[in-house]
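Asker: This is the structure I want to talk about, given as structure tokens.
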Amino acid sequence: MKAAVIIDKEQAPIYADFKDPEIESGHHLVRVHASSISQITKARASASHYSSDNEVPFVPGFDGVGSLADGSRVYFLLPRNPFGAMAEYCSVPQHNCLLIPDTLSPEVAAAIAIPGMSSWAALVEQAQMRAGDTVLVNGANGISGRLAIQIAKYLGAGKIIATARRASTFDDLYQLGADQCLLLTDNTLEMEASFKPAFTEGVHVVLDYLWGPSALSLINVAAKYSPLKTTIQFVQIGSIGGATIPMPASALRSSGLRLMGSGLGSLSIEQMLNSVLQVLTYAPVAGFNVNVQATPIAEVSQAWNTTSSEKRTVLMTESF
């Protein structure tokens, strides 16, 4: 079969022939329609993600949309190694396949699934957000952050605060449902001063897609200025702003701040699949919007390193 193939973890995959997956007990043979070049897919392919376990050569692809032998349309994740989602076919554990509605095109479903799951699971499973809560999305300009704004609004957030590094994106974030936008800078004092009024008024949930200096500033301000007895659910989702922070222990002792993660490991496969199902089911009704670039899988080498944080590139097979 044809597939995107990793032969060097430091290089983009190439379009090449790869052995067909064998039919295995407890697995579905999935005919792939679409698979997204997501951050987790790229990180696992380069062995920089904590869940990476592939030996070259292998087919990358954490998840995708496809069909089973009986024609059922499914979303699937974590195909059996070395058969990732970026191929004509892959082998997937049956419990990692989810029947999905036909209301979204394959490319849109594949584009929305992971970023939508990240915020739905963080808000519902981890933070247990309540209607009326104030939600702050740190790093709202990317695909995941933009969907987080829309999902928080759909779930009934009372106020949504978005942070981003470019003020030029604020109009877009307001249109998606943000009530307030704050600019991220390299000046810690400036950032903390801009965060202070929000936390003084009361923030209930933080979805952090960045970590690094901006997350540390949020934690410091939350600890210093949040109203007494206010519980702040701080959910860590991504770390493109930095892998570590020098967090003071007093921030946890002196406040109602509760730190938790949301991702592969902190969430069960069942929780992840359920969150994907909710997102894909409600997306047409809620009008969740995502910018998608559908690209033939044959162009994977060019598409791999030209992806944008504001647009999700989805590889399309020619087998459906």
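The values are calculated or read from the model by the stated rules, or taken from the named source; none is laboratory data. What you are looking at is a predicted structure, and each value in this text was computed from that prediction instead of being measured. As a convention, Cβ positions derive from the backbone with ideal geometry for all residues, glycine included, and neighbour counts pool all protein chains shown. In case anyone asks, the SASA skips ligands and DNA or RNA and just uses the protein heavy atoms, side chains included. Shrake-Rupley method; radii C 1.70, N 1.55, O 1.52, S 1.80 Å.
Asker: When you scan the stretch 112-131, do you find a residue that is closer than 30 Å to I6 by Cα, in contact with a Phe, Trp or Tyr (Cβ under 8 Å, 6 or more places away or on another chain) and either open to solvent by 50 Å² or more (accessible area, probe 1.4 Å) or not in a helix (DSSP H, G or I) (or both), even just one?
Answerer: no
Asker: Scan the stretch 242-267 for residues that are at pLDDT 90 or above and under 15 Å from the mean Cα position of the chain (by Cα) and jot them down.
Answerer: Once the filter is applied, which keeps residues that are at pLDDT 90 or above and under 15 Å from the mean Cα position of the chain (by Cα), the stretch 242-267 yields G261, S262, S266, L267.
Asker: Hey, does the stretch 143-153 have a residue that's touching a residue at least 40 places away in the same chain (Cβ under 8 Å), open to solvent by 20 Å² or more (accessible area, probe 1.4 Å) and among the charged types (D, E, K, R)?
Answerer: Checked the stretch 143-153: at least one residue is touching a residue at least 40 places away in the same chain (Cβ under 8 Å), open to solvent by 20 Å² or more (accessible area, probe 1.4 Å) and among the charged types (D, E, K, R).
To keep it simple, each residue is scored yes or no on (1) basic (K, R); (2) more than 29 Å from A12 (Cα to Cα); (3) open to solvent by 40 Å² or more (accessible area, probe 1.4 Å); (4) outside any loop (DSSP other than H, G, I, E, B).
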{"position": "E55", "(1), (2), (3), (4)": "no, no, yes, no"}
{"position": "A69", "(1), (2), (3), (4)": "no, yes, yes, no"}
{"position": "V74", "(1), (2), (3), (4)": "no, no, no, yes"}
{"position": "R80", "(1), (2), (3), (4)": "yes, no, yes, no"}
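Asker: If you don't mind, another one. Restricting the search to the stretch 96-111, which residues are outside any strand (DSSP E or B) and in contact with a helix residue (DSSP H, G or I) (Cβ under 7 Å, 6 or more places away or on another chain)? Steps first, please.
Answerer: At the first step, the residues of the stretch 96-111 found to be outside any strand (DSSP E or B) are 96, 100-111.
Across the stretch 96-111, the qualifying residues are N96, I100, P101, T103, L104, A109.
Asker: Could you please tell me which pairs satisfy a Cβ distance under 7 Å, a separation of 6+ or placement on different chains, a first residue in the stretch 172-200 that is touching a residue at least 12 places away in the same chain (Cβ under 8 Å) and on the phi < 0 side of the Ramachandran plot, and a second residue that is of a type in the set (V, I, T) and open to solvent by 10 Å² or more (accessible area, probe 1.4 Å)?
Answerer: The qualifying pairs are M191/T185.
Asker: If you don't mind, there's one more thing I want to ask. So which of F58, F62, F18 ends up being under 14 Å from T317 (Cβ atoms) and of a type in the set (F, W, Y)?
Answerer: Exactly one residue qualifies, and that residue is F18.
Asker: Just checking, does the stretch 291-311 include any residue being open to solvent by less than 40 Å² (accessible area, probe 1.4 Å), more than 22 Å from the chain's Cα centre (by Cα) and among the small types (G, A, S)?
Answerer: No: the stretch 291-311 contains no residue that is open to solvent by less than 40 Å² (accessible area, probe 1.4 Å), more than 22 Å from the chain's Cα centre (by Cα) and among the small types (G, A, S).
Asker: Still on this model: How many residues are crowded, with 21+ Cβ neighbours inside 10 Å and free of Cβ contacts under 8 Å to residues at least 12 places away in the same chain when one looks only at the stretch 230-284?
Answerer: 0
Asker: Starting from residues that are open to solvent by less than 70 Å² (accessible area, probe 1.4 Å) and either without any contact (Cβ under 8 Å) to a residue 60 or more places away in the chain or at positive phi (or both), keep the ones in the stretch 28-53 and report whichever is nearest to the chain's Cα centre (by Cα).
Answerer: T41
Asker: Moving on to the next point. Just need a number here: residues in the stretch 5-27 that are open to solvent by 100 Å² or more (accessible area, probe 1.4 Å) and out of contact with any Leu (no Cβ under 8 Å at 6 or more places or on another chain).
Answerer: Adding up the residues that qualify gives 7.
Asker: Does G61 meet the test of being crowded, with 23+ Cβ neighbours inside 10 Å, in a loop (DSSP other than H, G, I, E, B) and on the phi > 0 side of the Ramachandran plot? Working first, answer last.
Answerer: Values: crowded, with 23+ Cβ neighbours inside 10 Å: yes; in a loop (DSSP other than H, G, I, E, B): yes; on the phi > 0 side of the Ramachandran plot: yes.
Yes; evaluated as a whole, the condition is true for this residue.
Asker: So, one more: Among the residues of the stretch 283-304, count how many are out of contact with any Lys or Arg (no Cβ under 9 Å at 6 or more places or on another chain) and among the hydrophobic types (A, V, I, L, M, F, W, C).
Answerer: The number of residues fulfilling the criteria is 6.
Asker: Could we say that Y89 is touching a Leu at 6+ places or on another chain (Cβ under 8 Å) and at pLDDT 95 or above here? Steps first, please.
Answerer: On the way: touching a Leu at 6+ places or on another chain (Cβ under 8 Å): yes; at pLDDT 95 or above: yes.
Here the answer is yes, as Y89 does meet what is asked.
Asker: Across the stretch 8-17, what is the number of residues that are over 23 Å from the mean Cα position of the chain (by Cα), over 13 Å from Y89 (Cα atoms) and modelled with pLDDT of 95 or more?
Answerer: Summing the residues that are over 23 Å from the mean Cα position of the chain (by Cα), over 13 Å from Y89 (Cα atoms) and modelled with pLDDT of 95 or more in the stretch 8-17 gives 3.
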